[in-house]
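Beneath this line is the structure, given in structure tokens, with notes to follow.
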Amino acid sequence: MTEITNPFEIYKLLPQTNCGECTLLTCLAFSAAVIKGQKKLADCPYLKAEDKEQLADRVSIRQDFNRARGEDLEELKRRVGTINLSARASLLGGKMVSGKLAIKSLGKDFFVDARGSVTSECHTHAWMSIPLLSYIVHSSGVEPTGRWVPFRELRDGSPMNPLFEQRGEKPLKKLLDESSELLEDLLGMFSGSRADNRLFASDIALTLYPLPKVPILICYWSPEGDMDSDLTIFFDASAEKHLKIESLFSLGVGLVMMFEKIARKHT
Ligand code: SF4
């Protein structure tokens, strides 16, 4: 099932009379508001029941995604402001540098000050700020177990797994289908390392550290005969002791979005 990202997919099923009964001025504004989770399909009395049913699941996936991305940055900053960063630095696998907490993400230093502002030696990726601050606030500091699990097998992963596949694993598989050399580039750019691909009998296995104690393993199986290629992003079994599921989702999907950008630049 694919999520709805384009308001026109809803708009084309509306009467397009701009009657205003949903309290918005136009049917198009209503369509956009539904995708953002600000309106429900039921708020338009003229949308046919069968169309409503057909749209409902796809809209709810999109709304889940928006909620996941929308974990409150300001609230996280406020909570970081109440934490003694020096006392937590080594537990988090970081260190203090000029009064800021330095934490490595993908081999690059990210700096967090006492007010929760994030800066980086490269440019700060907006998608990284929420998982990073969330890690500072929530991490128990336990070491990775070395046991890898797919997103759906994380304790709270199952409900968001269809969206994780849609937004994370499928686009990354497509990138590698087009160019498996991309993985070599990622290894170099992000201090990744080749993992033992005998573990899941994959053709390529790569470990990355988006956060010091939250490694991920990307396994890719090349197409063979009639078999399509496949890809899974694994997390360490301890991942939810460091981040809530929404932040793990943001971390995985954010990484893939960054890889897509890099791949586009290369072509
Ligand atoms: S109530 Fe329905 S038809 Fe009327 S403006 Fe809103 S979306 Fe359009």
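Quick notes on this structure:
- Gain upon complete extension [Lys108, Ser229; 0.36 nm per residue less C-alpha separation]: 40.5 nm
- Translational diffusion of the range 92-212, µm² s⁻¹ [Kirkwood Rh, Cα pairs; Stokes-Einstein; 10 °C; 1.306 mPa s]: 97
- Residues whose amide H lies under 5 Å from that of Leu211, counting only those 5 or more places away or on a different chain, are Leu106; hydrogens are built 1.01 Å from N in the peptide plane.
- Segment Glu50-Ala201, extension gain: residue separation times 0.36 nm, minus the distance between their alpha carbons: 49.9 nm
- Among 114-121, 80-87, 132-139, the order from most to least packed when residues are scored by Cβ within 10 Å on average: 132-139, 114-121, 80-87
- What the phi angles of the range 129-139 give under the Karplus curve with 6.51, -1.76 and 1.60, with θ = phi - 60°, is a coupling list of 4, 5, x, 5, 5, 5, 4, 5, 6, 9, 4 Hz, glycine and proline written as x.
- Förster-model FRET efficiency, 30 Å R0, Ser193 and Asp57, C-beta, rounded to 0.05: 0.15
- Relative contact order, percent, the chain [alpha-carbon distance under 8 Å, six or more residues apart]: 18
- Too-long pairs where the Cα-Cα distance tops 31 Å, listed order kept, from Lys95/Lys244; Lys12/Lys265; Lys40/Lys261; Lys170/Lys244; Lys100/Lys241; Lys36/Lys108: Lys12/Lys265; Lys40/Lys261; Lys36/Lys108
- If R0 equals 25 Å, the separation of the Cβ atoms of Glu121 and Arg155 corresponds to a calculated FRET efficiency of about 0.15.
- A simple rule links phi to the HN-Hα coupling: the Karplus curve 6.51 cos²θ - 1.76 cosθ + 1.60 with θ = phi - 60°, which for the range 35-52 gives 4, 7, x, 8, 9, 9, 4, 5, 6, 9, x, 9, 6, 5, 4, 5, 6, 4 Hz, with x for Gly and Pro.
- The phi torsions of the range 240-255, fed into the Karplus equation with coefficients 6.51, -1.76 and 1.60 and a -60° offset, translate into couplings of 6, 7, 10, 9, 6, 4, 5, 6, 5, 4, 4, 5, x, 5, x, 4 Hz, rounded to whole numbers, with Gly and Pro shown as x.
- About the centre of its Cα atoms, the chain shows a dipole size close to 1100 debye [charges on the beta carbon of Lys, Arg (+1) and Asp, Glu (-1) only; nearest 20 debye].
Just so you know, all these numbers are worked out from the coordinates, no wet-lab data involved. Bear in mind that the values here come from a model prediction, so they are computed numbers and not experimental data. Cβ sites come from the backbone with ideal geometry, for glycine too, and all protein chains shown count toward neighbours.
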